[in-house]
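Below is one structure, written out as structure tokens, with a few remarks after it.
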Amino acid sequence: HGVPDAARYTPNLLHPSLATPPSKTVAMSDKLSAALYDAWNNKKKAQRKWTVDVNIHAPIFILPENCTDPYSTVLVFNLGSLSFASSKNPLLNVRKWLEKDTLSVDAIKEYWRLEMKNLTFLVGVSGKQDWNEFTQNNAMKSSQAIVEPFSIILDVGSEHSTGLGRVCIDGHLPFIGFQISREQVNTIISIVSSWSLLLQKMNLKDVPNEGTQFSASSGIEIIEEESADISAGSNTSTSQPPEGEITTQVHTSFVQKETQQAQSLDARDYLSVTLTLRRLSAKIMTNANESLEAQLVSVSTSMSAATDGSSSNRLRMGWFWILDRLRGELPRKQRLIAHSSLPRSAAFFASEGKYDIVEELRKLGVFESNYSGSSELADITFLKSPLTYSLGHKSSGVTDVGGMQKIFIDAKFSSLVINWNPHAVKNLLAVKATLTEGLVDASGKSYPGKKQNHKRSSATLSPSTGGIVNRKDSKIQSAVSSSIFVKAQMKELEISLHSAKDDAPLFLLTMTGVSTDFSTSLDDDGFKLWMELGDFRLELPAGGKTLLGYSTILGLAPNQSSSLLTVQYNNGESAVHSCTMKGIDKESCEACAEIDLSPMKFVFVQAQILILVEYMTEGILGALAERVALSAAAAAKDLAQYGNGEKIFLIAAKEFELVIPQAAYRSEYIVMHAANFFVKYKSLANFGGGQCHLDLRTLSMRCDKGDRMIKNPIKMVVNVVMPPEFSRSENDRAFRVKCAVSDAEFIVTREQYAQIMMTLRDNIGEKDSF
């Protein structure tokens with residue numbers, strides 16, 4: 001393809017009647033902009049109201065790949081139609097917000113409605129002009145549209161008095177749909193690359209020689225050649241003021257001004273924005289007309305900002321699902337890969353085969369204009385406290401000027417279900433690889449001409465004096481310090497592991513009652529983390545021969561109402577000193593963690609565990625590639641070992657039961673019971689190795705009838721010394737382990753011995769997982 005000839009004016013090859021000299025267009029645009037600017041200024045000075053009614057066919061932006069070929073591939077941004085009018089019957093929500101905290105009785109309130117229809121983005125051919133067909137008779141083929149036609153309605157209310165103003169915006173989007181294929185992605189990249197090449201060539205011609213300084217307006221950073229001097233080419237009007245007199249007065253007056261303004265005005269909301277999206281759809285197409293589809297229904301976001309610097313944001317999401325319509329060699333029973341709670345069960349949609357979830361939601365009135373929204377998936381609130389300014393201490397000629405602000409995030413998530421099929425996941429990754437295969441990053445290309453190595457200069461323009469202030473020599477430190485507080489909750493996460501052969505469920509992982517509190521410190525880069533897990537269950541699906549009592553492989557022990565897991569992690573000097581953990585040296589400790597495990601139960605059926613291990617290695621790690629697991633392991637190792645101080649981890653487990661059935665279908669079993677289990681792990685500073693202390697106070701064993709198989713509980717103490725990361729000799733790299741075990745006296749009756757032999761045959765030696 002030829003490179004676009006945008007350096008000179010050419011007639012419009014797409015449509016000759018649209019050829020207009022650019023000079024007249026620019027002049028017309030300048031006159032219109034100047035007229036609107038003058039009218040708006042006169043409106044504010046005279047405190048007048050406007051009555052506006054504008055209906056415009058918005059422009060269509062066309063970006064051709066080749067400006068000399070009448071049938072060149074083009075990118076089309078069709079902005080549809082635009083209507084903007086004064087509203088005599090404003091939206092109730094907008095009117096109430098302005099009247100709730102009005103500026104004054106005489107304040108002027110105005111209401112507007114902005115409506116944009118049939119906005120779209122597509123790939124087409126210049127000679128066919130399919131976009132014109134769409135705008136006239138709605139005959140556009142959906143396969144050509146990347147962003148399907150959508151509309152947006154904005155109801156705006158404004159209130160203004162002398163020097164003050166408030167704005168409320170309420171927006172509504174019925175539907176936004178994206179559809180993309182590999183061919184369309186390659187076309188977009190090809191066109192963008194062609195224009196990027198042209199712009200790069202044009203920019204190379206305009207780059208000044210070394211030592212030349214770019215012009216900049218107030219507040220704009222200066223870009224300079226790497227070898228250029230900051231003072232080169234500067235005149236007296238931009239010379240640097242004497243050291244120590246640069247911006248101290250500026251920042252001091254700024255702090256005083258902001259503080260006085262905050263004290264003189266009562267905090268009030270000056271901006272409110274609400275935006276509602278009924279449905280968001282994204283679809284990836286393949287050459288065989290197959291698709292991978294994601295839907296998000298009922299999304300609403302709201303934002304408000306106040307004069308004291310505080311603000312609040314809220315995001316609510318209703319229903320979500322990912323539907324796999326890719327064909328495969330193996331049968332599929334469930335096409336929903338992931339979903340939130342749905343109006344009907346996932347099994348119902350799978351049995352019907354239609355997956356018409358949108359229609360079910362339509363029956364519930366979700367797409368009605370008066371629907372208030374839903375938080376079935378998530379409800380996230382983001383708050384900022386009022387911003388307070390302060391002039392800090394001055395030490396060694398450095399003056400600290402800045403502000404402080406607290407940020408609060410409260411996130412609540414409902415239920416999320418993931419149906420994992422290894423074969424389906426591999427198909428998804430194959431689609432991803434196909435979609436991104438052969439893509440060219442236009443910015444990474446090499447272009448002819450002199451190579452220019454630009455860098456960010458260490459100089460900025462002072463807003464007050466207009467002079468250059470070198471950052472390296474500046475004696476002013478200005479920043480806004482923020483402390484972050486995060487609270488997150490998740491009701492339930494369910495992962496269903498399906499067979500790759502027949503898509504039948506094999507295992508079900510469920511996490512419930514997940515809560516997290518996270519906070520950062522203003523004193524250092526430290527943070528505190530608290531997490532609680534209500535329950536974790538690894539279960540077998542219903543319908544097998546396994547007894548109901550053995551169906552939960554791993555989970556909270558019966559009759560236990562407390563949480564399964566509690567984690568407290570403290571990182572940083574201030575966080576460590578404020579923690580209540582015992583047995584640690586807070587002066588040398590960089591981070592510490594305390595983990596409490598409630599009583600747990602684990603059922604061991606040999607065939608089931610082997611299938612689970614194989615599924616985890618082949619079905620999950622095999623599908624995602626082993627390097628993901630290796631990267632995670634390396635990251636965990638770095639977290640545990642790297643640092644200038646010690647890291648201490650304490651683990652306490654109250655009870656743990658290992659149940660070994662005689663067979664998956666028999667009620668006889670043997671129980672190994674461990675209680676009062678403690679682990680202390682210390683990671684020494686600077687890759688200095690580590691120390692681990694394990695203490696097991698009680699280990700007992702009994703059969704299903706309650707008869708003991710160990711006379712006295714066994715006690716065990718294990719100490720492990722791990723070598724430093726970079727030990728010289730092989731002997732220094734060896735682990736040192738010391739183990740002390742109390743006397744163990746087993747009591748086994750003939751009946752128990754027979755049970756052990758049958759357990760070896762019917763459980764350990766059995767291949768059927770039942």
Quick one: net charge around Gln334, please, counting Lys, Arg +1 and Asp, Glu -1 for every other residue with C-beta under 10 Å from its C-beta.
+1
From the cross-link list Lys647/Lys680; Lys654/Lys715; Lys96/Lys406; Lys412/Lys432; Lys363/Lys412, the entries with a Cα-Cα span beyond 21 Å are Lys96/Lys406; Lys412/Lys432; Lys363/Lys412
In the stretch 294-314, which residues have a backbone nitrogen under 14 Å from the label point lying 7 Å from Thr381's Cα in the Cα-to-Cβ direction?
302-304, 311-314
Taking every alpha carbon pair in the stretch 663-770, what does the distance histogram look like in 5 angstrom bins from 0, in percent?
2, 10, 14, 13, 11, 12, 11, 10, 8, 6, 2, 0
Sequence of Lys601, Lys647, Lys201 from largest to smallest accessible area, 1.4 Å probe
Lys201, Lys601, Lys647
Once you have the alpha carbon radius of gyration of the stretch 310-351, what is it after dividing by 2.2 N^0.38 Å, with N set to its residue count?
1.72
What full-extension length gain, to one decimal in nm, is calculated for Glu725 and Ser481 as 0.36 nm per residue of separation minus the Cα-Cα distance?
84.2 nm
Sort the following peptides by mean Cβ neighbour count (other Cβ atoms within 10 Å, averaged over residues), highest first: 51-63, 705-717.
705-717, 51-63
Using the alpha-carbon centroid of each, what span in Å lies between the stretch 320-374 and the stretch 72-104?
33
Order of 727-735, 71-79 by packing, highest average Cβ count within 10 Å first?
71-79, 727-735
So how much slack lies between Glu587 and Asn41, counting 0.36 nm per residue of separation and subtracting their Cα-Cα distance, in nm?
190.3 nm
Taking the simple approach of a point 7 Å from Cα along Cα-to-Cβ for both Ala267 and Ser33, what is their distance in nm?
3.9
Roughly how many percent of the accessible protein surface of the stretch 522-622 is carbon and sulfur, given a 1.4 Å probe and a whole-percent answer?
57
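The values are calculated or read from the model by the stated rules, or taken from the named source; none is laboratory data. From a predicted model like this one, the values you see are computed outputs, not experimental measurements. Counting neighbours? That spans all protein chains shown, and the Cβs are built from the backbone with ideal geometry, glycine included. Areas reflect the complete protein model, heavy atoms only, side chains present, ligands, DNA and RNA absent. Shrake-Rupley method; radii C 1.70, N 1.55, O 1.52, S 1.80 Å.
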